[in-house]
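The values are calculated or read from the model by the stated rules, or taken from the named source; none is laboratory data. Worth saying up front: this structure is predicted, and the values here are computed from it rather than measured. Because the Cβ atoms are built from the backbone with ideal geometry, glycine has one as well, and the counts that use them run over all protein chains shown. Please note that ligands, DNA and RNA were not included when accessible areas were found on the heavy atoms of the full protein model with its side chains. Shrake-Rupley method; radii C 1.70, N 1.55, O 1.52, S 1.80 Å.
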Amino acid sequence: MMAMPREDPPPHGAAAAPDQARLTQAVRAVLDRQGQAQTLPPDIRLRLAGPEDISVLTALNADAIREWGRAGLFMPMPEAFFGEMIRDGIILLPERAGKVQGYSIAFPAGGGHPPFLPADGHGKTGLMFGTALDPALRGQGWQLRLIRLRLEAFQEAGFAEAQSTVSPFNTPSLRNLLRAGFCVTALKTLLDKHPRFVLQHDFGRTVTTGPKHGLPLPQNGDLPDHAALLADGFVAFGLEKSKPVTLFYAARRHQDQGTGCPPT
Ligand SMILES: CC(C)(COP(=O)(O)OP(=O)(O)OC[C@H]1O[C@@H](n2cnc3c(N)ncnc32)[C@H](O)[C@@H]1OP(=O)(O)O)[C@@H](O)C(=O)NCCC(=O)NCCS
C-alpha cells in the first residue's frame, strides 16, 4: 500500500519512468486540445507543476486541512510527497494572473507506488487523488474538470483503469468522482489511518446493473453497512445531497464497451 514518503524518496521507479513520460506527454496533448478548443475559462491557465511550485502546494494543502477543521477529510502532504509526485507523476495547476489557484495529482501505479486496490490484470493502473482548490475557484466545477482531464490523459496514455481514494465524509469530492464515472468499490483505512473509499474507473469495461439500493451515508463512524455491501461485490455509482447524504449501490457486470459506472 502506498505509504507516506520517506525522507529519502526511493530512486525513480525504473518501471514508472516510461509510464510517467507517457502520462506527461498525454497530459500536454489534452491541455493543447483544451487550449485550441478554448474550453477553459479565459482567465485561467492550466500548467504542470515543477519543483519551484512545492512551497505553494504545501500551503494550499495546509489551508484546505485547516478549513475542514477535522482530520481525515483531506490528507496532509509534506514537501517530499509533492517532490515524489512531480518526479513520478504529474501535478496540474490552475493559474490565474500568474497565481497558482490549486493542484490536482495523477501518477502511474508501479515503482514506489502500488495501486490502492490490486490491479484487475487488464493493463496499467493510473492513480489520481489530492485535489485542493483556492476557495476563490470553488463551486465552479473545477474539480470535475480536473478529474476528467486526468482520466482523458490516462486513457490516451494507454492505461486500462484509474483508481482514486476519498474520505466517505468529503461529500463534494466523492460526488465529483462519481459524476465523472468512478465507482466506489472498497472501503479501507488508508494512508493517514482514516477510512477511505477506494474508487475505480475502468473506461467502460463494467457497468452497473439490476436494482439500485440507496444507503444513508452518515458524516462520521466506520460505516459497517456500506462495508457489507461493498464486501458483497456491490459498487456505489451515485450520490444524492439529501439529508442524510444517500449513496446508491448496484451490482456490476462486465461489458464489451460502455462508460464505466454510468454517471448519475
Ligand atoms: C473538494 C473540492 C476539490 C471541490 O471542488 P469544486 O470544484 O469546488 O467542486 P464543485 O464545483 O462541485 O463544488 C462542490 C460544492 O462546493 C461548495 N462550494 C462552493 N463554493 C465554495 C467555496 N468557496 N468554498 C467551499 N465550498 C464551496 C458548493 O456547495 C458545491 O456544492 P453544490 O454542487 O451543491 O453547489 C474543493 O472544495 C476543495 O478544494 N476542498 C478542499 C480540499 C479537499 O477536500 N479536496 C478533496 C480531496 S479528496
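Summing -39500 (n - 2.57) over the DSSP H runs of n ≥ 4 in the chain and dividing by its residue number, what mean residue ellipticity at 222 nm do you reach, to the nearest 500 deg cm²/dmol? My calculation for the chain gives -9500 deg cm²/dmol from helical runs alone. Backbone amide hydrogens, once placed in the peptide plane, bring residue 190 within less than 5 Å of 196, excluding anything fewer than 5 places away on its chain. Extension gain, residue 136 to residue 222, is 27.7 nm, computed as 0.36 nm per intervening residue step minus the present C-alpha separation. Pairs of alpha-carbon atoms within less than 8 angstrom and 6+ residues apart define the contacts here; what relative contact order does the chain have, in percent? Dividing the mean separation by the residue count of the chain yields 17 percent. Here the stretch 13-255 is treated as a sphere whose radius is the Kirkwood value from Cα pairs; by Stokes-Einstein at 20 °C and 1.002 mPa s it diffuses with a coefficient of 116 µm²/s. Lysine pair count for the chain with Cα-Cα distance under 25 Å and sequence separation of 8 or more or different chains is 6. The charge dipole of the chain, taken about its Cα centre with unit charges on the Cβ of Lys, Arg, Asp and Glu (plus for the first two, minus for the last two), comes to roughly 640 debye.
Computed packing ranks the peptides 218-231, 200-213 as 200-213, 218-231, most packed first, by mean other Cβ atoms within 10 Å. In terms of packing, defined here as the mean over residues of other Cβ atoms within 10 angstrom, the peptides 144-157, 39-52 line up highest first as 144-157, 39-52. Springs between alpha-carbon atoms under 10 Å, Gaussian network over the chain: tell me which of 119, 26, 37 tops the mean-square fluctuations. Among 119, 26, 37, the largest mean-square fluctuation in the Gaussian network model of the chain belongs to 37. Model label sites at residue 58 and residue 241, defined 7 Å from Cα along the beta-carbon direction, differ in position by 3.4 nm.
For the chain, the solvent-accessible area with a 1.4 angstrom probe is 44 square angstrom per residue.
Under the membrane-span-like helix rule (DSSP H runs whose alpha carbons stretch at least 24 Å along the helix axis, mean Kyte-Doolittle hydropathy -1.0 or higher), the chain yields 16-37. Centre-to-centre, using Cα atoms only, the stretch 48-63 and the stretch 228-254 are separated by 34 Å.
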